[in-house]
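Worksheet: one structure, shown below.
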Amino acid sequence: MTYRLRLPGPTAVPPRVLKAIAEPVVNHRGPEFRAMYARCEELMRPILGTTGHPFFLACSGTGAMEASLVNILAPGESVLCVIHGHFGERFAAIAKTFGAQVDVLEFPWGTTVDASAIEKRVAEKNYRAVVVTHNESSTGVFANLSPIGAIFRDRPTLLVADSVSGLGGLEMKQDEWRVDIVASASQKCLMCPPGIGVVSVSQKAWKIVEREDRLPRYYWDFRKTLASAEKSETAFTAPVSLMSGLREALEMIHEESLPKVLARHLRLSAALRAGCAAIGLAGYGEAGALSPTVVALQVPEKLNGGDIVRRLYEKHRTVIAGSRNKLAGRVIRIGTMGYVSEEDILTDLRHLEDVLPDLGFAVTTGAGVAAAAASFRQ
Ligand code: PMP
């Protein structure tokens, strides 16, 4: 039976990428690896919208987030954590763990982030950094980083963005928008297995990273990371096979072209939302800020999200996500990121149309598929 990985991460890995991962392991300080590394850098830059050195760390997204903070903070420095979902809470928890003075600016879950509210807070207090979740995977809503970045143009405060589930599927213009640190990971829009954390640091942030008085850091020390990146190497043994996969995935994005990849994410997420609405699964989240990479759906009154997730898996081996936070049972989530096609969206809807009646929720068979197909034709 097939296994359909339709989570908002980790996501399905294309056969081309799997094949690249299966190549023989090479010396992580040898010419084959350096060529692979250099190509990953070259292909990552336009996805990030930077001319700097993207870093590739052996970790998941949370490691990339932690690495970002330990390189810019000193104990007791103030951080403003902008929270509009589960992953904003995680970033705040990391900052607290390392002894930062954490203030929070919260927006209701499912809504986006208001730049003017951030501006007000940074005018009142001097923060070392403001942390924002670019794409909130828990709610399927994104934050517009462009007006947020503009706030920091003439301020010493750094803007740090968690784009773990955004980068590669949601536009990022790091240099233009003045995002000082972008943290991401391989297993979402970048079409790879979990295991590579991606971090990109601005020139402005670099001046802080270089200071001796930052938090203790060894494995995460970006000064070591940069010195190695300049030689097209990683500071410590690289996840060589995953880097081979990442190169292939980035080649695929390059071949399709980034604008087309971003447009595909928009098209597929809109069609899935349209199809779900047609079978009685209303979208969750603020219109106008709906994520192109994660579709969050409200669970109809008499149903439980966990039952939908379980039934899809048992009957079709279609793996979607529920919620493991305050939205538990009430919101289910489907990834529209990475290696996803129109056929995948139509199959998701066919499977939903099949299992919802099993759970006692009547749907008109074909209504969701038809609405998605109509959305594709627009
Ligand atoms: N931030 C966001 C927005 C995420 O979606 C995730 C993963 N679901 C993380 C952070 C954490 O990443 P990881 O699970 O790779 O540590």
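The values are calculated or read from the model by the stated rules, or taken from the named source; none is laboratory data. Here the structure is a predicted model, which is why all the values come from computation and not from measurement. No Cβ is skipped: glycine too gets one built from the backbone with ideal geometry, and neighbour counts run over all protein chains shown. Surface areas here come from the heavy atoms of the whole protein model, side chains and all, with no ligands, DNA or RNA. Shrake-Rupley method; radii C 1.70, N 1.55, O 1.52, S 1.80 Å.
For Ser165, the residues whose amide H sits under 5 Å from its own are Asn135, ignoring neighbours fewer than 5 places away on the same chain, with H placed 1.01 Å from N. With all protein chains kept in place, the per residue accessible area of the chain amounts to 40 square angstrom at a probe of 1.4 angstrom. Relative to the longest principal axis of the Cα atoms of the chain, the long axis of helix 31-48 lies at roughly 70 degrees.
Taking the longest Cα principal axis of the chain as reference, the axis of helix 367-377 is set at about 50 degrees.
For region 121-134, the Karplus equation 6.51 cos²θ - 1.76 cosθ + 1.60, evaluated at θ = phi - 60°, returns couplings of 5, 6, 6, 7, 8, 8, 9, 5, 8, 10, 10, 10, 8, 5 Hz by residue, with Gly and Pro reported as x.
Pairs of Cα atoms under 8 Å, at least six residues apart: use those to get the relative contact order of the chain, whole percent. Walk me through the numbers on the way to the answer.
On the way: 797 pairs, mean separation 88.6, N = 378.
Computed value for the chain: 23 percent relative contact order.
For the chain, the longest principal axis of the Cα atoms and the long axis of helix 258-278 meet at an angle of about 40 degrees.
Residue separation times 0.36 nm, minus the C-alpha to C-alpha distance between Phe376 and Glu176: what's the value?
The Phe376-Glu176 span can extend by a further 68.8 nm.
Taking 0.36 nm per residue of separation and subtracting the Cα-Cα distance, full extension of the segment from Lys260 to Ser341 would add 27.9 nm. Antiparallel beta bridges, as assigned by DSSP with both residues in the chain, represent about 50 percent of the total such bridges. Expressed in Å, the radius of gyration and Dmax of the Cα atoms of region 5-53 are 13.8, 37. Let me make sure I get this right: for region 280-378, a, b and c are the square roots of the gyration tensor eigenvalues over alpha carbons, sorted descending. Under 1.5 in a/c it's rounded, otherwise prolate if a/b > b/c, else oblate. Which is it? Note, shape of region 280-378 comes out rounded. Every Cα-Cα pair of region 15-254 was included, and the share exceeding 33 Å stands at 14 percent.
Taking 7 Å steps out from each Cα toward its Cβ at Thr2 and Thr237 produces label points 3.8 nm apart. Taking N as the residue count of region 115-252, its C-alpha radius of gyration divided by 2.2 N^0.38 Å amounts to 1.12.
In order along region 166-182, the phi-based Karplus estimate (6.51 cos²θ - 1.76 cosθ + 1.60, θ = phi - 60°) of 3J(HN,Hα) comes to x, 4, x, x, 10, 3, 9, 10, 3, 5, 5, 7, 6, 8, 7, 9, 10 Hz; Gly and Pro are listed as x.
What part of the accessible area of region 15-254, given as a whole %, is carbon or sulfur when the probe is 1.4 angstrom? Accessible surface attributable to carbon and sulfur in region 15-254 totals 53 percent. Phi-derived couplings, Karplus 6.51 cos²θ - 1.76 cosθ + 1.60 at θ = phi - 60°, listed residue by residue for region 50-61: 9, 9, x, 9, x, 9, 10, 10, 7, 5, 8, x Hz, with x used for Gly and Pro.
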